[in-house]
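Here is the structure we will look at.
Laboratory data are not the source of any read-out in this text; all were calculated from the coordinates shown. Just so it is clear, the structure is predicted and the values come from calculations on it, not from any experiment. Reconstructed Cβ throughout: ideal geometry from the backbone, glycine too, with neighbour counts over all protein chains shown.
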Amino acid sequence: MTSAGKTAAFGFLFLIALFFVSTVYAQTPPDSPAADDDQSAIAAELAVEDDDLFDDDLFYFEAPTLVFEAPPVETRTFDDVFPNFTQIQKIRVMNGTGLRYSFENDGSPKLIPGPDSGLDLLSRVMAKKPSHIIEALVVVPYINRELDMLDIYNALGRVRNIKDHKIISNDREFVIFKETTRLVSAKNRKPIPDPEPTNILPHSETMYLLFLDPYIGDLYLRGEVSVSLYGITYSMTNFRDVSYSIFKVMKEERFNAIIYLEPIKEGILIYSVSGLYLPNFIAKRINLTPNMNRRITVLINWITSGLRAQEESRQDKHFYRLKPTQ
């Protein structure tokens, strides 16, 4: 094809294209509402097609709320937890005062739970390398009704009531703790009131406490509550040094008292192991074992009193739910 022929053919094709475009624009002018609607519709359709590929709603559906009731855990007996106790030992455990044993770090424990009980407080206490260890075991029998773990948790919540429990020895009354209170935090040591009893049982909780002890010194404690399958563990550790007057008696993290509480068929089982480290020259001067026994007695009496208060406050059988984990 000659150059002139090519030019004529190109011109003919250009005229056809121009005619086609003009026809389309004549039907929907570019600045008309119809044109905008058409373009919006096309864009919306494309957007819908793209969104369909990643639409989160496609992965969800509505259904009625499902409520599951966990099967109740069978309540254990004392023999299930401590299977190797003699009848005399069990009588002493059930009589309200319980059993106490103390030993130094080269001694051996006497109150040993069964291997299938799931309890091992001693190894946790011994991890802090204490110089002196005290064990305690008692069962608080039910009177008005059986108690559950929520009752235990609410009984442990009344920290201010600890100071109300005194020790009588040789016809003399001893005030063990002048004040017991919660604190805002480890850094903010402002006293705060105890919370009201609750119907929600947390999986775990950390609190900060102050026990004013006129004989040993002020105890700044970190309290840690944890809920397990059968019971509740309450651990208290000093997060500050303990000083008496101008003398440092004990370094931080060297006192640890772990109390385990479980509703068993005979009552509420209270088992505790406490350990602390003191140099010998200090331990001998404060007559350590009797002093520690008095403090353990105060704590057990406080728990017992709180459990009795729970029995009186809620006579009917009640249910509780676990607080969701964060």
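To the nearest Å, what is the center-to-center distance of segment 217-281 and segment 165-186, using C-alpha atoms only?
Spelled out, the Cα-based centre of one part sits 15 Å from the other.
Taking other Cβ within 10 Å of each residue's Cβ, how do MET94, MET250 sort, fewest first? Spell out each step's value before the answer.
On the way: MET94 16, MET250 21.
By the 10 Å Cβ count, ascending, the order reads MET94, MET250.
Please list the non-local residues whose amide H lies under 5 Å from the amide H of THR198, H modeled 1.01 Å from N, same-chain partners needing a gap of 5 or more.
none
Using a Förster distance of 35 Å, how high is the FRET efficiency between ASP171 and ASP241, based on the Cβ-Cβ distance and rounded to 0.05?
0.50
May I ask you to sort THR180, THR97 by Cβ crowding, counting other Cβ atoms within 10 Å and putting the fewest first? Could you put the intermediate results ahead of the total?
Values: THR180 25, THR97 12.
Ascending Cβ contact count within 10 Å gives the list THR97, THR180.
As an exercise, identify the GluC sites (Glu not before Pro) in segment 201-298 lying in DSSP coil whose Cβ has no more than 13 other Cβ atoms within 10 Å.
GLU252
Label-point separation (nm) for ILE112 and LYS248, each offset 7 Å from Cα along Cα-to-Cβ?
My value for the distance between the label points is 3.7 nm.
Using modelled backbone amide H atoms (1.01 Å from N, in-plane), which distant-in-sequence or interchain residues come within less than 5 Å of VAL249's amide H?
For VAL249, the qualifying residues are VAL242, SER243, TYR244.
So for PHE211, PHE174, PHE78, fewest C-beta neighbours within 10 Å to most, what's the order?
By the 10 Å Cβ count, ascending: PHE174, PHE78, PHE211.
Given N residues in segment 151-217, what is Rg(Cα) / (2.2 N^0.38 Å)?
1.31
Please list the non-local residues whose amide H lies under 5 Å from the amide H of LYS166, H modeled 1.01 Å from N, same-chain partners needing a gap of 5 or more.
none
From the phi angles alone, apply the Karplus equation (6.51, -1.76, 1.60; θ = phi - 60°) to segment 159-169 and give each ³J(HN,Hα) in whole Hz, x where the residue is Gly or Pro.
Along segment 159-169, the couplings run 5, 4, 6, 4, 5, 6, 9, 10, 10, 10, 9 Hz.
Could you derive backbone 3J(HN,Hα) for segment 79-96 from the dihedral phi with the Karplus parameters 6.51, -1.76 and 1.60 (θ = phi - 60°), listing whole Hz in sequence and x where the residue is Gly or Pro?
5, 5, 8, 10, x, 10, 8, 6, 5, 5, 4, 5, 4, 5, 5, 8, 7, x
Apply the Karplus curve 6.51 cos²θ - 1.76 cosθ + 1.60, θ = phi - 60°, to the phi angles in segment 244-253 and return the couplings in whole Hz, x for Gly and Pro.
Listing the rounded values in order: 10, 6, 9, 9, 7, 8, 8, 6, 5, 6 Hz.
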